[in-house]
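Just so you know, all these numbers are worked out from the coordinates, no wet-lab data involved. On a predicted model such as this, the values are computed, not experimentally measured, just so you know. Note that each Cβ is placed from the backbone with ideal geometry, even for glycine, and that neighbours are counted across all protein chains shown.
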Amino acid sequence: MEIYRCEKCGKEAKTQKGLSVHYSMHNREERRAENEKNLVPEEIKCEKCGKETNSEWGLRIHNARMHKESSRQPSLEKGVKDTTKLADEIIKILEMPLLDDEYRLALIEYVVRR
């Protein structure tokens with residue numbers, strides 16, 4: 001039986017597929033570390049109260065929550081009845097630690113479509 005060994009950490013796998021899955025874990029960790037190290041978000045300031053956020057979406061959520069402005073986009077009108085509740089759920093997702101950006105986006109899309 002052939003053993004496949006990871007060149008990065010020495011972990012052994014019984015199959016090439018198992019080793020590929022293991023390598024993808026290294027790649028995810030490296031991307032996450034690189035993003036955290038290099039990501040310095042540009043602050044966007046709310047014109048009404050001066051609150052700073054690091055994205056346009058964050059500003060929309062802030063406006064929906066604090067200033068009762070709609071954060072809905074036209075394509076999201078159906079099924080979205082309470083923007084404040086939606087904004088609260090999205091904020092919780094955005095504040096969850098250790099989530100990949102792709103998984104975070106999938107959670108947000110799920111919440112919006114519910």
Response to the item:
Surrounding charge for GLU102, neighbours by C-beta under 14 angstrom, Lys/Arg +1, Asp/Glu -1, total +1
Worksheet item: By counting other Cβ atoms within 10 Å of each Cβ, how are VAL111, VAL21 ranked from fewest to most?
Response: VAL21, VAL111
